[in-house]
Amino acid sequence: MKERWTAPERFAGPVLGIETSCDETACAVLDANGAILAEAVLSQAAHAAFGGVVPEIAARAHLAHLPGLVGRVLGEAGLPASGLGAPRLGAIAASCGPGLIGGLIVGSGLGKGLALALGVPFVPVNHIEAHALTARLPGLVTGGAPFPYLLLLVSGGHCQCLAVEGLGRYRRLGGTIDDAAGEAFDKVAKLLGLGWPGGPALERLAQEGDPRALALPRPLRGRPGCDFSFSGLKTAVAQHLTARDPAAPLPRAEAADIAASFQAAVADVLVDRTDHAIRMMPEATLLVVAGGVAANATLRACLAALAAGHGIGFAAPPIRLCTDNAVMVAWAALERLRAGAEGGLDAPARPRWPLDEMRAPQSLAP
Ligand code: KG4
Ligand code: ZN
């Protein structure tokens, strides 16, 4: 992708962010300092009947709801929303990847069209970079989460430890060799007959259960490095369920014990792997967790204790900014605009867009 950089200068206008990479249709407006002027997220309920995201349904729902949502957040941000009259908007940003191609085309297409009409830059945003930079939003961490920090990214599609060395400078320390952590939550929730998405439903049920009730494996715990594996854990739960009388209904108390035991196993594994990652990045003084699974209270508490044990700081975005949202998209764009990015109307929507293909702004190169 062609990206152009100019000398850094203070970016003056508010930024509109658009997120449509999966099943959340989201918009937000941030002022030039990163203060949130307006934000909205529509979660698409239509996928629940299918037990997972149906890409074509997602893309059509984004198309149906995004224009209205953009108008609404611009209005709430105090920016004229009708016709071409939004003269005070300084830039428009949208997730251009990685994600489901249909949704990415809808979000980035609408963003580019608006940017062209208003004569403002369009900033293509990498969705993973947006998760990675969320902790730097003003007011979340005292001092603003200075680089470098260690990031544990745990979402429905990603599970990795990254050394965040600077804007556009990400070093992958390890990642999952099979399922992502959120994917494992969703699959086990499905086995337990919970709704979709499964993570939040499983966490709620786990509150009623005993985390020691079921002896589940801790895949890769204690192994060198910080790779992850979750598919064996999901299979262990499936085997436990098939070993019972399949005709007998699963009592709620038993399901709660399974949920609590599974959640404890995931948290144990994530803590062990992150412990290794901290040792692999001795320069890190801060551990940041991001992505949908970072909304999990048990995991947040375990990671906070881990960081405290290492004498480093810990940051987790507020729950609503862990799952997919547009505040993080607008913020990632602001970081790049402040570093001198000119924008890129020619940026394609990309289903795959690994973070190590991101470039550091020349103005920030060491
Ligand atoms: O970051 P995200 O919103 O979308 C992706 O980029 O994937 O993450 C969604 C994932 C889903 O797998 C969902 O089940 C999981 O995050 N999740 C949770 C919780 N809230 C969302 N997993 C465990 N506990 C939660 N409270
Ligand atoms: Zn995400």
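Just so it is clear, none of the values below were taken in a lab; they were calculated from the coordinates. Please read these numbers as outputs of a predicted model, since none were measured by experiment. Neighbour counts run over all protein chains shown; Cβ positions are idealised from the backbone, glycine included.
Data for the structure
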| read-out | value |
| --- | --- |
| Hydrodynamic radius by Kirkwood, which averages 1/r over all alpha carbon pairs of segment 252-349, in angstrom | 16.0 |
| Sites Ala243 and Ala117 - FRET efficiency at Förster radius 35 Å, r taken between beta-carbons, to 0.05 | 0.05 |
| Average projection area in nm² (convex hull over Cα atoms of the chain, one quarter of hull surface) | 17.9 |
| Sum of side-chain charges, Val41 neighbourhood, beta-carbon under 11 Å (Lys, Arg +1; Asp, Glu -1) | -4 |
| Segment 189-270 - percent relative contact order, Cα under 8 Å, separation 6 or more | 47 |
| Inter-probe distance in nm under a simple model that places probes 7 Å from Cα toward Cβ, at Arg72 and Ile177 | 4.5 |
| Candidates Val188, Val123, Val329: whichever shows maximal mean-square fluctuation once the chain is modelled as a Gaussian network with Cα springs under 10 Å | Val188 |
| Rounded to 5, percent antiparallel among DSSP beta bridges of segment 147-316 | 60 |
| Taking N as its residue count, the alpha carbon Rg of segment 166-210 over 2.2 N^0.38 Å | 1.59 |
| Cα Rg over Rh - segment 147-316, Kirkwood | 1.00 |
| Segment 94-170: radius of gyration over Cα atoms, expressed as a fraction of 2.2 N^0.38 Å | 1.28 |
| Under Karplus coefficients 6.51, -1.76 and 1.60, residue-wise ³J(HN,Hα) of segment 254-259 in Hz, glycine/proline x | 6, 4, 5, 5, 5, 4 |
| Relative exposure of Met281, Met328, Met358, judged by other C-beta atoms within 10 Å (fewest first) | Met358, Met281, Met328 |
| In nm, spacing of pseudo-spin labels at Arg88 and Ala213 (7 Å Cα→C-beta vector) | 5.5 |
| Cα-projected label distance for Asp346 with Ala46, points at 7 Å along beta-carbon direction, nm | 3.5 |
| Fewest-first sequence of Thr298, Thr20, Thr176, Thr134 by Cβ atoms within 10 Å of each Cβ | Thr298, Thr176, Thr134, Thr20 |
| Where the Cα pairs of segment 88-237 fall when distances are cut into 5 Å bins, in % | 2, 8, 12, 15, 15, 16, 14, 9, 5, 3, 1, 0, 0 |
| Residue order, fewest to most surrounding Cβ atoms within 10 angstrom, among Phe230, Phe50 | Phe50, Phe230 |
| Under 12 Å, Cβ to Cβ, from Asn325 - net charge with Lys/Arg +1 and Asp/Glu -1 | -3 |
